[in-house]
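**Student:** Just dropping this structure here.
The values are calculated or read from the model by the stated rules, or taken from the named source; none is laboratory data. Note that the structure is predicted; figures quoted are calculated from it, not measured. Neighbour counts run over all protein chains shown; Cβ positions are idealised from the backbone, glycine included.
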Amino acid sequence: MADVHSLSPTLDTERTASPRGVGLIWLAATMTASTLPLGALIVALFPRANFLWVLFLASLFFVTVGIISLPGFRWGIPTMAISSKLFGERFNRLISVSNWCSQVGWQAVVLVLVIFVLRSVLEYLRIAHGPMALGLAILFAVLANFAVPVIGYAAIVRVQSLASLVMGVFAFYILWRLHGFDLLWSRSFASPETSWLQTFAALSLALMGGALSWTMFASDYSRYLGRNSARTAVFFWPALGGAVGGALILSLAIVLSFSGGVNLSSGGLTLAAKGMDSPVLYLAFCGFAILGLLASNFLNSYSSAFSLAVTLGRDLNRKMVTVLDAGLATLLAFYVLFVSPSFFDAFQTFLDLLIIVAAPWTGIVCIVVLFRQNAAVPQNPAASTRWRVMILLLGILLTIVFSNNPLWEGWGAYLFANNDLSPLVGFGLGATLELVHQLLCKYGEMERLGKVAATVAEHQ
């Protein structure tokens, strides 16, 4: 997957990946320590949620990643290039630049998390404390963030895959040690105070940092699948990899938040040694968490190059883009650390900004793929493009209106007791309106085919 084509179709000689291999990439991408603050936020903001339902539904939403992987396999082009075919070249540049900015912002958040985990390790080992620990953590994290792109794509994929598998083993072990599955069950079903409104609000937050934050990159990896791959496998393995990785790490994040292993405050995130039998286990967990986060940042910048390429309208040297992203992410990380009121506010606000375009876009594209994958008669591209742009703009507007974050509180959130359901609203609206659009197109096609058949019959 180290080709130099950012916009043009992937060459057949480069299409050597297998569906299971891509599934492993998605497992690695989703099972990183970046989910730890997400779990802490869910527990802090929605203590009466049914956490098992949140985990199940958040995992189920990874079918969207599987669906949007299909056109990448069919056409051999990245997700944003596919988006250009659906929304038009000019409007899609706005989508692409929004996606690129979101990616750079997420890389900044991940870099801050690396700094916080490093600070936790330094303080645990009593090497440094307070500002000194933070300063050393910043130095090591920034150096590593710029050094990682030099290693190369193939090596990074192997490192992240290994780190994710080890993190998975650690996650199962810690969940077992802390009786995590019993704890999740008791907090979800044994409590008489469970709130379904909080459950769906927690699900919305899980989707912001989960499935709906990944859909705009789904075809970036499926484009490398061999042409003889089965379509069911192209859909199944990315969906399964994302669902398993996302569910496991989010379960760990929630349970650690219950037990005090993850602490989120205005000063940032602290990873404690709760559930670890020994210092070696704790340090190993932190070490693989750091490796996974750094590798994740590199792969995020690799995908963001596609968005930047679509925005600029030309192929790019993706290694140079990773360095550019690292520089911008470092500046944003300094803002989060030293200017933002708190990491808590910055993290929550970023998740809301991330989903404004992604939620309705995902709903629209999923319906298009399901309806048009094997379409015999193409719909009018100009008319369809206009309709999709209108649907997306309406979806973006309602997603903003139903958001509730430190920057603004939309009036739609008042309808749900100030809970933020914007991802569900945006996705649902985009999918529903595009479904109506597709049904109307199907009806029009049937009418046209009927007229053609009648004309042929008259001339026979």
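**Student:** Checking residue 377 against (1) at pLDDT below 90; (2) under 29 Å from residue 430 (Cα atoms); (3) in a helix (DSSP H, G or I), which single condition isn't satisfied?
**Tutor:** (3)
**Student:** Right, something else. Please work out if residue 182 is within 24 Å of residue 51 (Cβ to Cβ), among the charged types (D, E, K, R) and either touching a residue at least 60 places away in the same chain (Cβ under 8 Å) or surrounded by fewer than 16 Cβ atoms within 10 Å (Cβ to Cβ) (or both). Don't jump to the end; show me each part of the working.
**Tutor:** Values: within 24 Å of residue 51 (Cβ to Cβ): yes; among the charged types (D, E, K, R): yes; either touching a residue at least 60 places away in the same chain (Cβ under 8 Å) or surrounded by fewer than 16 Cβ atoms within 10 Å (Cβ to Cβ) (or both): yes.
The answer is yes for residue 182.
**Student:** For the stretch 247-281, how many residues are over 27 Å from residue 52 (Cβ atoms) and not polar (S, T, N, Q)? Full working, then the answer.
**Tutor:** The first filter runs over the stretch 247-281 and keeps only residues over 27 Å from residue 52 (Cβ atoms), leaving 266-268, 278-280.
Cutting the leftovers down to not polar (S, T, N, Q) gives us 267-268, 279-280.
Within the stretch 247-281, residues that are over 27 Å from residue 52 (Cβ atoms) and not polar (S, T, N, Q) number 4.
**Student:** Further, regarding this structure: Just to be sure, is residue 390 over 21 Å from residue 217 (Cα atoms) and at pLDDT 85 or above? Step through it out loud before you land on a result.
**Tutor:** Details: over 21 Å from residue 217 (Cα atoms): yes; at pLDDT 85 or above: yes.
It is true that residue 390 is over 21 Å from residue 217 (Cα atoms) and at pLDDT 85 or above.
**Student:** Right, something else. Among the listed residues 181, 189, 200, 172, identify the single one that is modelled with pLDDT under 85 and assigned to a helix (DSSP H, G or I). Reasoning before the result, please.
**Tutor:** Values: 181 fails: modelled with pLDDT under 85; 200 fails: modelled with pLDDT under 85; 172 fails: modelled with pLDDT under 85.
Every option except 189 fails the conditions.
**Student:** Of the residues that sit in the stretch 84-103 and are within 13 Å of residue 386 (Cβ to Cβ) and of a type in the set (Phe, Trp, Tyr), which one is surrounded by the fewest Cβ atoms within 10 Å (Cβ to Cβ)?
**Tutor:** Within the stretch 84-103, the match that is surrounded by the fewest Cβ atoms within 10 Å (Cβ to Cβ) is 91.
**Student:** Given the options 355, 391, 364, name the one that is in contact with a Lys or Arg (Cβ under 8 Å, 6 or more places away or on another chain) and crowded, with 20+ Cβ neighbours inside 10 Å. Before the answer, list the steps.
**Tutor:** Working: 355 fails: in contact with a Lys or Arg (Cβ under 8 Å, 6 or more places away or on another chain); 391 fails: in contact with a Lys or Arg (Cβ under 8 Å, 6 or more places away or on another chain).
Result of the check over 355, 391, 364: 364.
**Student:** Then there's this: Take the residues of the stretch 209-264 that are of a type outside the set (Ser, Thr, Tyr), part of a loop (DSSP other than H, G, I, E, B) and closer than 18 Å to residue 21 by Cα: which is farthest from the chain's Cα centre (by Cα)? Show your work before the answer.
**Tutor:** First, the residues of the stretch 209-264 that are of a type outside the set (Ser, Thr, Tyr): 209-212, 214, 216-218, 220, 223, 225-228, 230-231, 233-250, 252-256, 258, 260-264.
Narrowing further to those that are part of a loop (DSSP other than H, G, I, E, B): 209-210, 214, 218, 223, 226-228, 230, 260-261.
Narrowing the set further to residues that are closer than 18 Å to residue 21 by Cα leaves 214, 218, 223, 226-228, 230.
Working: 214: 3, 218: 9, 223: 18, 226: 25, 227: 26, 228: 28, 230: 25 Å.
Once the filter is applied, the top-ranked residue is 228.
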